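A short worksheet on the structure shown next.
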Amino acid sequence: MQKHWDNPTVHSMPKGARVPAALAVGRVRIAPATVLAPMAGVTDTVFRRFIRHSSLFTAHGADGDVEAAVTNEQSGCGLVMTEFTSADGLTRMRESKRKRYLTFYDDEHPIAAQLFGSDPETLAEAARIVEDTGFDTVDLNLGCPAKRVVACNGGSGLLRDLPRIAEIFQAMRRAVSIPFTVKFRMGWNDRNIVCVELARLAQESGLDAVALHARTREDGYSGQARWEWIAAVKDAVRIPVIGNGDLRTPEDACAMVEQTRCDGVMIGRAAPANPWIFRQIAQYTAAGHYDEPTEADRYALIRAYFGALLGEAEEPGQEHPPGAGEGAGQKEAQGKMKQFASWFTHGVPGGAALRKAIYEARTGPAILEAVERFFEPRLCFPAESEALRDEGTPASASLLLG
């Protein structure tokens, strides 16, 4: 998944347009109607909790009362989703190993687990495991464009086989009582656009909502997302439609709602680059304006996230891939820190210097030191810097994550 956008369209804030305050997916209420997209290698439990808690937001009206009708008092992020998980792998692995893929915490609710695969009965069994584990909803991935997934007829590869999709929908719907949703692309390519037909099939099969990434598999992440197809899907079905594609700012989210009348928005690549985007959308929905992060905000956030990664790596009983060896948790955390840095510092003045220092660091503490050296001279108030340094320790990072 590329980090950048191709000549992104800049939207002004539409007058009166707002992301809906809530969205009902079956019996699950998502408030506000904003969803953290499933992203392979990104949306693990640490990142999901990080986004949920960095999006904390409470709005106050002129009289000081919380505007509960339009504001989620818990978080600006209404629903989080897991990384996509292989249904075949999930059904074959021993129960203790599933923890690595299906771990979540109480403060992540509502949470959806996303599955990919191509065999109806295997996907149905995986969906039962998801329900038994305690997830609020289960989602089917029909959008991943990765070659290794498509080669197994998973992800967007299935978009060439609607009869098989119908079998999968029916098997998974029979298997679980929790809400069942699907995320898909427009089609395999411009000569095979099937999103409207697929959305109708989902509705007929008893699914509770659909999410459309308005690109084809052939598009990958290039070019402009074609929101007009989200509008076409919305016109075609009665179940909720969630829009996805080229949502970088609150203005983009509001413009998508205005142009497509979608019931909710799903944020992907923008979340690692701007973890405040859900809070900003909630602020605009409640008050008509939103705050930009300061240098101190960025410093506190990156320190807290990196500290949380290191703290999670030190938790006893963590499962790691076979053959990973001693210290695998720390190495995995360091890899995540470097990955996040490449997202988070994009567009930050001087960010290339921080990325270079982080990539060259060989330990977690060395990465934290690089962050310290980069941000401290940029902060205006030494006292504030000292307080933030204290907040950035792994122990206090646990407070950020509840």
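The values are calculated or read from the model by the stated rules, or taken from the named source; none is laboratory data. None of these values were measured; they are calculated from a predicted model. Methodologically, a virtual Cβ is constructed for each residue, glycine included, from the backbone with ideal geometry; neighbour enumeration extends over all protein chains shown.
Kindly indicate which of F116, F84 is touching a helix residue (DSSP H, G or I) at 6+ places or on another chain (Cβ under 7 Å) and modelled with pLDDT of 85 or more. First the steps, then the outcome.
Values: F84 fails: touching a helix residue (DSSP H, G or I) at 6+ places or on another chain (Cβ under 7 Å).
Only one candidate passes the filter, namely F116.
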I'd like to know if region 237-247 contains one or more residues that are touching a His at 6+ places or on another chain (Cβ under 9 Å) and over 23 Å from F135 (Cα atoms). yes
Output the number of residues of region 330-358 satisfying the condition of being over 19 Å from A308 (Cα atoms) and exposed (fewer than 15 other Cβ atoms within 10 Å of the Cβ). 6
Condition first: surrounded by fewer than 24 Cβ atoms within 10 Å (Cβ to Cβ), under 16 Å from the mean Cα position of the chain (by Cα) and not β-branched (V, I, T). Now tell me which residues in region 235-249 satisfy that. R248
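Restricting attention to region 243-284, which residues are among the β-branched types (V, I, T), touching a strand residue (DSSP E or B) at 6+ places or on another chain (Cβ under 9 Å) and not in a strand (DSSP E or B)?
Within region 243-284, V257, T260, I277, I281 qualify.
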Across region 88-113, what is the total count of residues that are farther than 21 Å from V35 by Cβ and either part of a helix (DSSP H, G or I) or touching a strand residue (DSSP E or B) at 6+ places or on another chain (Cβ under 7 Å) (or both)? 11
Might you check whether a residue that is of a type in the set (D, E), outside any loop (DSSP other than H, G, I, E, B), within 20 Å of the chain's Cα centre (by Cα) and at pLDDT below 90 occurs anywhere in region 300-315? yes
Every residue from region 364-395 that is at pLDDT 80 or above, acidic (D, E) and under 10 Å from R303 (Cβ atoms): E372
Cβ-Cβ under 8 Å pairs, at least 6 apart or on other chains, region 80-105 side farther than 15 Å from G117 by Cα, far side surrounded by fewer than 18 Cβ atoms within 10 Å (Cβ to Cβ) and of a type in the set (V, I, T): R98/T133; L102/T133
Identify, by number, the condition in (1) in contact with a Gly (Cβ under 7 Å, 6 or more places away or on another chain); (2) in a helix (DSSP H, G or I) that C144 doesn't meet. (2)
The listed residue being surrounded by 17 or more Cβ atoms within 10 Å (Cβ to Cβ), charged (D, E, K, R) and in a helix (DSSP H, G or I), out of R164, R173: R173
